[in-house]
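Beneath this line is the structure, given in structure tokens, with notes to follow.
The values are calculated or read from the model by the stated rules, or taken from the named source; none is laboratory data. These numbers were taken from a predicted model, which means no experiment stands behind them. All Cβ positions, even for glycine, are placed from backbone atoms using ideal geometry, and neighbour counts span all protein chains on display.
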Amino acid sequence: MANHGGNRTGAGRPKGSSSKREPTTQPAAPSSKTYDSAEDYLLAVICGTEPADPVRVSAARGLLPYQRGKQRAPLASKPPSELQRAEGVDAELEAKEIWRKKSEAVRARLTTSKE
């Protein structure tokens, strides 16, 4: 552990190298065109009529939930009040049917035992 701390050979930036990076591509020129909503802007970017600016795209994506509500699937079922009423009617009919079958069984037993 004699080489603990201090200068080390080969460490650091090599002499003569530049620390500046040159951009490989030029950023798209910002458009002065305005859009009514974030969705309109994103549609223009998707269609290719507007160059994609990463800052504007991320801002538009962040605004989407506030400008446009979430789409929900249309309900294909009845409202809860109608469902409860239907379940109540079904349960009542089922109870009446069970009672009718029991009463027929009792009648059949009583009429055969008297004869």
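Some notes on this structure:
- Screening region 6-51 for residues that are among the hydrophobic types (A, V, I, L, M, F, W, C) and in a loop (DSSP other than H, G, I, E, B) and picking the one that is modelled with the highest pLDDT gives Ala11.
- Qualifying position, being without any contact (Cβ under 8 Å) to a residue 60 or more places away in the chain and touching a Leu at 6+ places or on another chain (Cβ under 9 Å), among Ser103, Ser37: Ser37
- Selection count, region 65-86, where residues are part of a helix (DSSP H, G or I) and out of contact with any Ser or Thr (no Cβ under 9 Å at 6 or more places or on another chain): 8
- Filtering region 69-92 to residues that are surrounded by 10 or more Cβ atoms within 10 Å (Cβ to Cβ) and under 28 Å from the mean Cα position of the chain (by Cα) leaves Lys78, Leu83.
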